[in-house]
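Worksheet for the structure shown next.
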Amino acid sequence: VPPAWLDELRRPGSAPVDAPEASAGRFEGVYGAVYDRVIQTDALRRLAPLAYGDVGPLPDLDGFAADVAEGTRAPDGALTVPVLLDVPCGGGTLLPRLARAGYRGRVVEADLGLAMLDRARRMGERAPDLDVALLRADAQDLPLADASVDGAVSLNGLHVMPDPAAFLAELGRVVRPGGRLWLITLVTGGGLRGDLVITAGRLGGILPGAPPRRPELLELLREAGFGRVTPLGGDAITGLAAVRS
Ligand SMILES: C[S@@+](CC[C@H](N)C(=O)[O-])C[C@H]1O[C@@H](n2cnc3c(N)ncnc32)[C@H](O)[C@@H]1O
């Protein structure tokens with residue numbers, strides 16, 4: 001049962017995703033389960049540089065989550081608790097790390113994949129200090145109102161979107177002015193190993209296309225209304241933080 005506060009964030013007139021053809025593709029099956037196991041197991045995730053090259057903040061997801069926890073705040077003077085959007089949330093990888101980092105606000109866990117959301121639900125049950133709402137949604141057309149969240153985080157999400165520009169535009173629409181965005185994503189042109197993984201991912205039906213190159217990504221962020229971009233490291237998989245203007 002979604003919490004009442006999620007209803008207050010909804011964009012008027014937005015409809016739930018219930019079309020039978022709505023699917024997160026490969027992530028609905030075995031690949032999704034394997035991905036979750038790898039990303040959520042520190043020892044396995046720390047092997048990522050062997051496959052990708054420089055993966056920036058990915059090995060230290062606890063440090064990344066601590067930045068997100070520290071930087072997600074309700075507006076100055078507000079009596080409300082902060083709302084963080086985690087999209088696509090997958091199996092809830094960030095939830096225990098946010099809780100351990102001391103985040104005590106609300107988290108909207110949004111994803112298109114039902115199997116992924118089910119794992120996120122179970123992860124949320126193991127983080128009782130967080131107020132978690134699950135939201136089945138296409139990240140390129142979010143059912144959330146303008147400026148409805150205080151911050152957004154996207155771990156390995158942008159590169160699975162068929163339309164990364166639409167995804168970032170949606171994040172720019174729903175994050176309130178002054179709110180922050182944290183992004184970890186594959187980029188094209190970040191090195192031979194990363195580009196080989198991208199080719200393999202496209203052939204295997206996991207990636208819908210080539211992710212943007214870093215300069216294109218920075219331009220898309222600017223167009224989506226984000227400024228004050230802080231690099232978090234990484235060439236093949238890169239991390240960025242930015243502030244909504
Ligand atoms: C690589 S996983 C990352 C998940 C999570 N951030 C993590 O790292 O654990 C990509 C996720 O994107 C979801 N996804 C794919 N297309 C989507 C879309 N159009 N809208 C929302 N989620 C989508 C998949 O279901 C999957 O959970």
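Which numbered condition in (1) modelled with pLDDT of 95 or more; (2) within 16 Å of the ligand (Cβ to nearest atom) is the only one that G71 fails?
(2)
Residues that are closer than 23 Å to G29 by Cα, at least 3 per element: which strands (runs of 3 or more DSSP E) completely within segment 57-146 meet that? So that I can check it myself, show each step before the final result.
Working: elements: 83-86, 106-111, 131-136.
Per the criteria, 106-111, 131-136.
Being within 16 Å of the chain's Cα centre (by Cα) and over 17 Å from P57 (Cα atoms), is that true of even one residue in segment 189-211?
Here is the first cut: in segment 189-211, the ones within 16 Å of the chain's Cα centre (by Cα) are 207, 211.
Okay, now just the ones that are also over 17 Å from P57 (Cα atoms), so 207, 211.
Among the residues of segment 189-211, at least one is within 16 Å of the chain's Cα centre (by Cα) and over 17 Å from P57 (Cα atoms), which makes the answer yes.
In the set D150, D146, D141, which member is charged (D, E, K, R) and within 12 Å of the ligand (Cβ to nearest atom)? Explain how you work it out, then say what you get.
Values: D150 fails: within 12 Å of the ligand (Cβ to nearest atom); D146 fails: within 12 Å of the ligand (Cβ to nearest atom).
Selected residue: D141, the only one of D150, D146, D141 that is charged (D, E, K, R) and within 12 Å of the ligand (Cβ to nearest atom).
Would you pick out the residues in segment 66-84 that are of a type in the set (A, V, I, L, M), without any contact (Cβ under 8 Å) to a residue 40 or more places away in the chain and surrounded by fewer than 17 Cβ atoms within 10 Å (Cβ to Cβ)?
The answer is A78, L79.
Is it the case that A169 is part of a helix (DSSP H, G or I), of a type in the set (A, V, I, L, M, F, W, C) and more than 9 Å from the ligand (Cβ to nearest atom)?
Values: part of a helix (DSSP H, G or I): yes; of a type in the set (A, V, I, L, M, F, W, C): yes; more than 9 Å from the ligand (Cβ to nearest atom): yes.
It is true that A169 is part of a helix (DSSP H, G or I), of a type in the set (A, V, I, L, M, F, W, C) and more than 9 Å from the ligand (Cβ to nearest atom).
Among what's in segment 34-56 and is assigned to a helix (DSSP H, G or I) and of a type in the set (D, E), pick the residue that is nearest to L186 (Cα to Cα).
Here is the first cut: in segment 34-56, the residues assigned to a helix (DSSP H, G or I) are 34-40, 42-45, 48-52.
In the following step, the residues that additionally are of a type in the set (D, E) were identified as 36, 42.
Details: D36: 17, D42: 19 Å.
The residue in question is D36.
Restricting attention to segment 222-245, which residues are small (G, A, S), at positive phi and in a strand (DSSP E or B)? Steps first, please.
Within segment 222-245, the subset small (G, A, S) is 224-225, 227, 233-234, 236, 239, 241-242, 245.
Now narrow it down to the ones that are at positive phi: 225, 233-234.
Passing the criteria: none in range.
Find the residue count for segment 102-111, including only residues that are buried (at least 23 other Cβ atoms within 10 Å of the Cβ) and either at pLDDT below 95 or within 11 Å of the ligand (Cβ to nearest atom) (or both).
Number satisfying all stated conditions: 3.
Does segment 6-14 include one or more residues that are in a loop (DSSP other than H, G, I, E, B) and surrounded by 14 or more Cβ atoms within 10 Å (Cβ to Cβ)? Let's see the steps before the verdict.
Of the residues in segment 6-14, the ones in a loop (DSSP other than H, G, I, E, B) are 11-14.
Pick out the ones that are also surrounded by 14 or more Cβ atoms within 10 Å (Cβ to Cβ) and you get 11.
Checking segment 6-14: at least one residue is in a loop (DSSP other than H, G, I, E, B) and surrounded by 14 or more Cβ atoms within 10 Å (Cβ to Cβ).
Being farther than 15 Å from A110 by Cα, over 19 Å from the mean Cα position of the chain (by Cα) and either at pLDDT below 95 or within 13 Å of the ligand (Cβ to nearest atom) (or both): is that true of G53 here?
Working: farther than 15 Å from A110 by Cα: yes; over 19 Å from the mean Cα position of the chain (by Cα): yes; either at pLDDT below 95 or within 13 Å of the ligand (Cβ to nearest atom) (or both): no.
Taking the combined requirement at face value, the residue does not satisfy it.
The values are calculated or read from the model by the stated rules, or taken from the named source; none is laboratory data. Remember, it's a predicted structure, so these values are computed and weren't measured experimentally. We place every Cβ from the backbone using ideal geometry, glycine too, and count neighbours over all the protein chains shown.
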